[in-house]
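The values are calculated or read from the model by the stated rules, or taken from the named source; none is laboratory data. Everything numeric in this text was worked out from a predicted model, so none of it was measured. So basically every Cβ, Gly included, is an ideal-geometry build from the backbone, and we count neighbours across all protein chains shown. SASA here: full protein model, heavy atoms, side chains in, ligands and nucleic acids out. Shrake-Rupley method; radii C 1.70, N 1.55, O 1.52, S 1.80 Å.
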Amino acid sequence: MKLLKKAIIEKGRVLSEEVLKVDAFLNHQIDPTLMQEIGKEFSERYREAGITKILTIESSGIAPALMTGLELGVPVVFARKRKSLTLVDNLLTAEVHSFTKNETNEISVSKDYLKDDDVVLVIDDFLANGQAVRGLIDIVQQAGAHLSGVGIVIEKGFQAGGDFLRNQGVRVESLAIIESLHHNEVIFREEL
Ligand code: 5GP
């Protein structure tokens with residue numbers, strides 16, 4: 001997606017060979033126009049999939065997930081990383097190890113908002129080793145819902161998550177795939 005790649009080049013910052021900082025437009029300050037375009041792009045790719053619900057994880061997945069939900073006209077549910085005082089039982093939970101924070105969180109979703117007749121699109125901001133997405137897929141499976149696919153804003157193609165999911169037969173649509181972050185430079189994977 002051209003507009004996204006432009007934002008990555010112009011506003012992203014390479015923090016290390018493995019980490020890209022995008023808090024100028026995606027996960028701290030948010031660019032609403034770009035999010036709207038991202039929502040349109042995901043919704044075009046999944047328009048025929050009969051999606052009934054979008055599932056993401058707080059907090060960085062919420063903006064792209066919400067814009068996609070708006071385009072597809074379906075509700076957006078975000079998994080919580082911290083226990084809510086009002087959300088104590090009736091939960092679907094999974095363990096997720098955070099790549100950037102190097103900590104393990106239990107994520108949770110209320111059973112009220114994910115049902116066995118749902119067709120689910122999982123959305124997240126980044127795909128690195130795939131822990132976050134795998135946790136979300138685990139929750140979809142626990143609900144007995146159908147996973148239609150995954151939508152990722154930025155996939156780091158040099159980390160294992162994308163290959164792992166695709167080898168499991170999961171449809172993964174990434175709007176930008178980064179091939180390398182060597183020498184402080186973002187190199188994108190050529191689109192086929
Ligand atoms: P994974 O679970 O696939 O290993 O990592 C994905 C999660 O880690 C995403 O939800 C994202 O918040 C965070 N993450 C992974 N890599 C990066 C990165 O290079 N930059 C930023 N800003 N977040 C990342």
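Can you give me the C-alpha center-to-center distance between segment 129-188 and segment 31-97, rounded to a whole angstrom?
15
Using the Cα centre as the reference, give the magnitude of the dipole from point charges on the C-beta atoms of the chain (Lys, Arg: +1; Asp, Glu: -1; all else neutral), rounded to the nearest 20 debye. Write down the numbers at each step before the final one.
On the way: 22 positive and 29 negative charges, 46 e Å.
That gives the chain a dipole magnitude of about 220 debye.
When the accessible area of segment 13-71 is split by element with a 1.4 Å probe, what percent falls to carbon and sulfur?
Details: 1340 of 2820 Å².
Within segment 13-71, the accessible surface is 48 percent carbon and sulfur.
With 27 Å as the limit, write out which pairs from LYS21/LYS111; LYS101/LYS156; LYS2/LYS156; LYS40/LYS156 have Cα-Cα distances beyond it, or answer none.
Numbers: LYS21/LYS111 34 Å; LYS101/LYS156 17 Å; LYS2/LYS156 17 Å; LYS40/LYS156 22 Å.
Beyond 27 Å between Cα atoms: LYS21/LYS111.
Which residue fluctuates the most in the chain, going by a Gaussian network model with Cα springs under 10 Å, if the choices are LYS40, LYS21, LYS156?
LYS21
Would you mind giving the average projected area, over all directions, of the Cα convex hull of segment 89-192 in nm² with one decimal?
Values: hull surface 29.3 nm².
That works out to 7.3 nm².
Loop-only check: which GluC sites (Glu not before Pro) in segment 90-159 are DSSP coil with at most 14 other Cβ within 10 angstrom? Write down the numbers at each step before the final one.
On the way: sites: GLU95, GLU103, GLU106, GLU155; in loops: GLU103.
Hits after loop and neighbour filter: GLU103.
Identify, among ASN105, THR68, ALA160, the residue whose Cα sits farthest towards the positive end of the charge dipole of segment 12-165, taking +1 on the Cβ of Lys and Arg and -1 on the Cβ of Asp and Glu, with the dipole about the Cα centre.
Working it through, the farthest residue towards the positive pole turns out to be ASN105.
Please give the per residue volume of the convex hull enclosing the alpha carbon atoms of the chain, rounded to a whole number of Å³.
Details: hull volume 22.1 nm³, N = 192.
Expressed per residue, the convex hull around the Cα atoms of the chain is 115 Å³.
Looking only at the chain, where both bridge partners belong to it, what percent of the DSSP beta bridges are antiparallel (to the nearest 5)?
Working: 13 of 34 bridges.
Counting DSSP beta bridges with both partners in the chain, the antiparallel share is about 40 percent.
In a shell of Cβ-Cβ distance under 12 Å around ASN105, excluding ASN105 itself, what net charge do Lys and Arg (+1) and Asp and Glu (-1) give? Intermediate results must be reported in sequence, preceding the final value.
Values: positive: ARG80, LYS81, ARG82, LYS83, LYS101; negative: GLU58, GLU95, GLU103, GLU106.
Every neighbour counted, the sum reads +1.
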